[in-house]
Amino acid sequence: MKRMNWIFAAMIILAAVFIGCNDEADPDPDQVAYENADHAKGGIMYDKFWATEAGYDQNSPNLATLNAKSDFFRCKQCHGWDGLGSAGSYINRAPKTSRPSVSAIPLYQFAVSKTSKEIFDALKATAGRRSITTDLSTYNPATPSTMVEGDKMPNLNELLTDAQIWDIVKFMKEGMFDVSQLYDGTYTGTYPTGTATFANVGKGGNEAAGNTFYTANCTGCHGADGKSIALEGMSLGKFTRSKPNEVQHKVHYGQLGSSPSMVGEFDMTLAQMKDLYKAIANTTKYPD
């Protein structure tokens, strides 16, 4: 009898375990989507989501509008390469007929403070967003009434798939660098007439390690002294010291449309970027 009771009890336990296993919750589809997302693609799209490098459909009927009014659709135009918006390096990037105002939202801090799902929902929102069909030809900062629609964020639902939006989310959560760790930025005044200055580029970095990285990854195109390719009329050293806010993103995610192609160092860490910046801060080795 005792043996029968023991067998019965064991069967109950096994049944409970079996039922428990089958009662496990299905994976959260949002978490799965986030885990499957690619921060590298997201970083490229932050620059220009319809670029060939981003894998965007080059037969899209929206391409003509996107190319004609590109700064009205590029994430970096409204939020800055540094993700600090109008309080950062773009404090003096005033709107003009070809580009909208810079956003007051500090995107980097927003991403740090929100969950991936909250960021996804914010990007997917439709209220207060601008349609791809909006006529932007009348946008003119001199007449503020024409700025209302142009300064709105585009309705991404008309332009990107959910998977592409998740890529941007992952970039924001895992791929954006805290630029305050790379250099000291001083922002004075108010947008759009403020001033941004940069100092201590590569702070805390290791110059020798940065030079090793540069030799292995950059010398081939930019030369040992960074003067082989002019960047907006500047050597690589001067450009980096003048625009550390921009260079960090382009090293990390590439220079889109460049020839020869500059592919991003997608796995680059903040520490490695600090080292590279520290090396390039040397005006003797990388002169103006």
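The values are calculated or read from the model by the stated rules, or taken from the named source; none is laboratory data. All values reported here derive from a predicted model rather than from experimental measurement. All accessible areas refer to the heavy atoms of the entire protein, side chains included, with ligands and DNA or RNA removed. Shrake-Rupley method; radii C 1.70, N 1.55, O 1.52, S 1.80 Å.
May I ask you to give the percent of accessible area on segment 60-120 that is carbon plus sulfur, with a probe radius of 1.4 Å? Before the final figure, lay out each step's value.
Details: 1350 of 2430 Å².
Result for segment 60-120: 56 percent of the exposed heavy-atom area is carbon or sulfur.
With the gyration tensor restricted to C-alpha atoms of segment 23-107, the semi-axes of the equivalent ellipsoid amount to 29, 20, 10 Å, longest first.
Provide the per residue accessible area, probe 1.4 Å, for segment 77-131, rounded to a whole number of square angstrom. Could you put the intermediate results ahead of the total?
Numbers: 2260 Å² over 55 residues.
About 41 Å² of surface per residue is accessible.
Taking a ≥ b ≥ c as the square roots of the eigenvalues of the Cα gyration tensor, an a/c ratio of 1.5 or more together with a/b no larger than b/c marks the chain as oblate. Computing Rg and the Kirkwood Rh from the Cα coordinates of segment 200-288 gives a ratio, Rg/Rh, of 0.92.
Could you work out which residue, out of 216, 271, 94, moves most in a Gaussian network model of the chain, that is, has the largest mean-square fluctuation with Cα springs under 10 Å? Looking only at 216, 271, 94, the biggest GNM fluctuation is shown by 216. In this structure the amide hydrogen of residue 130, modeled in the peptide plane, comes within under 5 Å of the amide hydrogens of 153, 155, none closer than 5 places in sequence on its chain.
Taking all protein chains together, 162, 71 sort by accessible area into 162, 71, largest first [probe 1.4 Å]. Pairs to check: 250/285; 124/203; 48/278; 69/114. Give those whose C-alpha atoms are more than 32 Å from each other in this structure. Beyond 32 Å between Cα atoms: 124/203. Distance distribution note for segment 126-232: the fraction of Cα pairs above 23 angstrom is 63%. Solvent-accessible surface of segment 170-288, taken per residue with a 1.4 Å probe and all protein chains present: 47 Å².
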